[in-house]
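Below is one structure; the comments refer to it alone.
The values are calculated or read from the model by the stated rules, or taken from the named source; none is laboratory data. This one's a predicted model, so the numbers in the text were calculated from it and none came from an experiment. Here the Cβ is made from the backbone with ideal geometry for all residues, glycine too, and neighbour counts use every protein chain on show.
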Amino acid sequence: MYIKSRLAGAVRMALALGASSVAFSPIAFAQEAQSDEGAEGVEKIAVTGSRIKRTDMESASPITVLTAQDLEAAGVPTIEKYIQALPAVNGSAQGSNVNNGSNGSATVSLRGLGSGRTLILVNGRRTAFSDLNSIPMSFVERVEVLRDGASTVYGSDAIAGVVNFITKRNFEGAEFVAQYDLTGKGDGETSKVAATVGTSSDKGNVVLSLEYTNRQPIGQKDRDFSECPLTDGDDEPVCFGSGTTAMGTWTSLTPGTAYKSMVVDPNTGEIRKLNGATDAYNFATTSYMVTPQEVFSINAAASYEVFDDTSVFLEGGFTNRQSDQLMGPEGTFWGQVVSADHPDNPIGEELVINRRLTETGGRAFTQDFSDYRMVFGFEGFLDNGWAWDASYNYARFIDARVDFGRANPKRFGNLTDPTKCAADPACPGLWNPFKMDTLNQAQLDYAFLPNSPVVRGTTKQLLANLTGDLGDFELPAGAVAWAVGIEKRWEDYLFQPDGAALIGEIYSVAGDKTEGQYEVTETYLELSVPILADLPGVESLNLSAAVRRSDYDFLDAQTNTKIGLEYTPFEGLLIRATKADGFRAPSISELFAPQQESNLNYNEPCTEYGLPGAPQSATVKANCAADGLPADFKLTSNQSSSIVGGNPDLQPEESESLTAGFVYTPDFIENFSIAIDYFDIEITNGIGTAGTSNIINGCYESPNFSSPLCDLLVGAAAVDRVPYPTSPRRDVLGAMSGILVTNANLSTFETAGVDFDANYAVDLGEGSLKLRLDGTWLDKYDYVPFAGEEAIQLAGFYGEDQWEQNVAAFSELRTNFTATYTAGDFSFTWMSRFMMGTDDESVEDLANSDNLSNHAGSVVYHDVQGSYYMDNYAFTLGARNLFDKQPPYTTNNDDMNTLSSSYDTAGMYWYARVTAKF
């Protein structure tokens, strides 16, 4: 929840850092903090966004503080869903709703600017891999979300903001938690058990936490809205799918032949044209909607006073995540050639066949991911009261992946050519690709290989900070506070491909080893200067300033500054503003990730371009005709074979950010506060891709394919696919192929809007009622994908997320409203999560569009929870998405016929939780 009153914030923080109570109390944590009693002598603390220690949580920068109690009230088993539901989060992110293209991680994208522009910290220090799955809820004491740029304090990656997880430290006793979740459909079981134990004394403390979660999958076939890939029919969506069919879609390679997109009818054995409505392959039957995972973590922290005012502290953490994704079976996308003399060849001519290899049961992607984190350091105070700390942070991840159901095109070529099969003693005999279920086990063993690459990375961080004030030298308004520090950081990355991939034996996987490393030295200075105090109309006026210099071994040195203002005209009102410039160095993975094929959705510009009333421009129609496409051209699948990956020549991004707002805690309304903050962030030289749809449509909008974007359409041959007979840009089925969307410095972004929140607490009947509303109004989200292109305006629309490269909603308004009533041994919480509807950004004129659905409607999710407290135990029952709200159908979608990363796809979840504290 948000901390508003400066005095209440100080008292609440003192309570948060104090020893935990042994027995449960249903009295809300925030209510305890509202008391003024005990406010004297509150120690100074460091708040996310500054290294200067202070006595309150309210600074010039807007900060959201979420307590462990807030996380528990949300009823989520892992921290992913809670963080991704914050109103300041927009666009897309990795998580349980992402199957196609997932690496098993869970990320957060503040302002919708991308997970790489949101810095994830644990106790103010970096991690090696920003995976929310590595943050166990049971070990989190609070979460501080900084909602403006912080490059001057934390260096690179903090352009959009910071999410800092503060872990438990002064924990006394033992806590055990068990939770079980189940959807209203009876699937998607999630189990969680956690244990935290700790003790403390006047010399130090130690805490140990273990947590295990197990999430079971939900298939796309298990929900009505996603059980089949849909396409627009005349009046309603109809089941369609992929043109790479289970019985094989083939085209003759003989010039001028009429045999294009043909099948052998499985019932009659006759040769006929592909009928997408009846023949297309339903890949939803073997695709996950919610991906499964198992996560085990063990974390510990300790501190001990070794000398007066000097303590040693240790932190350690290990997380193992085993996650899976399942997609439709591999197809012979590489352009499987069947020789003319194959005995099952229906026309006796050399042909290319696109056959879905259903015998494998699907492509399975698995990750065995381990994350290590170790911190060792000292902290203390000098005789003059200055505080200091020095620490070494070592973080490392290893992602051992195994993919199953990956094809060896060379051996498949042997299976469809009698001469080649006879020449290979290991060939188990010819395969008939013109019928379903004809691959036998010997052929499967011969032509398929597992792909087992390994990805690993390391972050090493040496930090030293000193903070204090100028002692006896004070300004009339008070003492000048300051902080200085130095940081040295080393980063390295390695992608080690599978041995078979190295020699090109596995289709569509990266076969080049990539590795790299860099180091950076940074220094910073912060000042907090009281300008005026205790004057009429000016209770206080403070100026804050920070400067940071970053010296990377592969970039020119960067200097960034930030300035902030805090004005309190009278008790209860804080007016604040910040202005900062920042930068983001390319991440180690952006520099060195392998370049490989990815099948990304796109908007096909030539759909039925030649029919009467077709909406395309004359230029697009001419280019579609030049491609040799029929007038009624329509794809069976709108996935492109694109090339994605790193670029070692990247340069840093630069940014400017502005925030301005106020916090008001009126004395005439007890226990009420409200905060409103305006934000504006501009990013130049942004790292990203031009976007698959942007490249394709920009090229086709240019006369005679004259746009420079057309140079990024490198063609089907670049991804080992057979080209369309009359267009090298397309594969044999007509889909765009070989789109170069690797990382580059080419984007500019500007986003602006307003964050708001309000809190109120009141005694009601025999108990107390707490109300909280927080939200974000997105006024602007514009980005220019490359020089010369018009700005794409996404505020209030859904479109391609530039970071994740899939379609997501950028809602203008997102709000969370929470009401909690506590009385005696009972408490009840109701939360509503609202997301305003969006329109399809890619459709210029929605009124004249032929698409059935260019609008994703507004949605309100209702979550409820009830708890009963008895001695040292708490028993909780709850439901998320209580009314089982289903996601909307959109013609332009990423997966599951909807905006899967924006809407709840699993439906209602029931859960039960038991907590014991001793």
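Looking only at the stretch 206-231, how many residues end up being modelled with pLDDT of 95 or more and assigned to a strand (DSSP E or B)?
Residues flagged as modelled with pLDDT of 95 or more and assigned to a strand (DSSP E or B) within the stretch 206-231 amount to 12.
With the requirement that a residue be hydrophobic (A, V, I, L, M, F, W, C), surrounded by fewer than 20 Cβ atoms within 10 Å (Cβ to Cβ) and in contact (Cβ under 8 Å) with a residue 40 or more places away in the chain, what does the stretch 844-860 give you?
Correct list: L852 only.
If Y873 meets every condition in (1) without any contact (Cβ under 8 Å) to a residue 40 or more places away in the chain; (2) surrounded by fewer than 16 Cβ atoms within 10 Å (Cβ to Cβ); (3) more than 30 Å from N851 (Cβ to Cβ) apart from one, which number is that one?
Condition (1) is where Y873 drops out.
Of all residues in the stretch 109-124, count the ones that are touching a strand residue (DSSP E or B) at 6+ places or on another chain (Cβ under 7 Å) and buried (at least 24 other Cβ atoms within 10 Å of the Cβ).
8
Of the residues A744, A675, A718, only one is within 30 Å of G248 (Cβ to Cβ) and either touching a residue at least 60 places away in the same chain (Cβ under 8 Å) or among the β-branched types (V, I, T) (or both); which?
A718
Is there a residue in the stretch 309-328 that is without any contact (Cβ under 8 Å) to a residue 12 or more places away in the chain and under 30 Å from P418 (Cβ atoms)?
no
Looking at A160, is it more than 27 Å from the chain's Cα centre (by Cα) and aliphatic (A, V, I, L, M)?
No: the conditions fail for A160.
Matching residues to (1) part of a strand (DSSP E or B); (2) farther than 25 Å from R355 by Cα; (3) under 27 Å from the mean Cα position of the chain (by Cα); (4) charged (D, E, K, R):
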| residue | (1), (2), (3), (4) |
| --- | --- |
| D235 | no, yes, no, yes |
| G256 | no, no, no, no |
| V295 | yes, yes, yes, no |
| A300 | yes, yes, yes, no |
| L314 | yes, yes, no, no |
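Has the stretch 355-362 got at least one residue that is out of contact with any strand residue (DSSP E or B) (no Cβ under 9 Å at 6 or more places or on another chain) and touching a residue at least 40 places away in the same chain (Cβ under 8 Å)?
Yes, because at least one residue in the stretch 355-362 is out of contact with any strand residue (DSSP E or B) (no Cβ under 9 Å at 6 or more places or on another chain) and touching a residue at least 40 places away in the same chain (Cβ under 8 Å).
Return yes or no: is F376 in contact with a strand residue (DSSP E or B) (Cβ under 9 Å, 6 or more places away or on another chain), more than 26 Å from G241 (Cα to Cα), modelled with pLDDT of 95 or more and surrounded by fewer than 16 Cβ atoms within 10 Å (Cβ to Cβ)?
So F376 passes the test.
Failed condition for S702, given (1) surrounded by fewer than 23 Cβ atoms within 10 Å (Cβ to Cβ); (2) closer than 16 Å to N601 by Cα, with all others met?
(2)
For the stretch 426-443, give me each residue that is buried (at least 16 other Cβ atoms within 10 Å of the Cβ), touching a residue at least 24 places away in the same chain (Cβ under 8 Å) and over 17 Å from W250 (Cβ atoms).
Across the stretch 426-443, the qualifying residue is only Q443.
Does any residue of the stretch 452-461 turn out to be touching a Gly at 6+ places or on another chain (Cβ under 9 Å) and either without any contact (Cβ under 8 Å) to a residue 40 or more places away in the chain or among the hydrophobic types (A, V, I, L, M, F, W, C) (or both)?
Within the stretch 452-461, not a single residue is touching a Gly at 6+ places or on another chain (Cβ under 9 Å) and either without any contact (Cβ under 8 Å) to a residue 40 or more places away in the chain or among the hydrophobic types (A, V, I, L, M, F, W, C) (or both).
Could you say whether any residue in the stretch 528-544 is at positive phi and assigned by TED's automatic domain parsing to the domain that holds S655?
yes
So Y821 fits all but one of (1) within 26 Å of the chain's Cα centre (by Cα); (2) surrounded by fewer than 20 Cβ atoms within 10 Å (Cβ to Cβ); (3) not acidic (D, E); what number is the exception?
The single condition Y821 does not satisfy is (1).
Can you name every residue in the stretch 715-754 that is surrounded by fewer than 24 Cβ atoms within 10 Å (Cβ to Cβ), at pLDDT 85 or above and under 21 Å from I506 (Cα atoms)?
Within the stretch 715-754, G715, P723, L740 qualify.
Listed residues S598, S540, S550; which is crowded, with 21+ Cβ neighbours inside 10 Å and touching a Ser or Thr at 6+ places or on another chain (Cβ under 9 Å)?
S550
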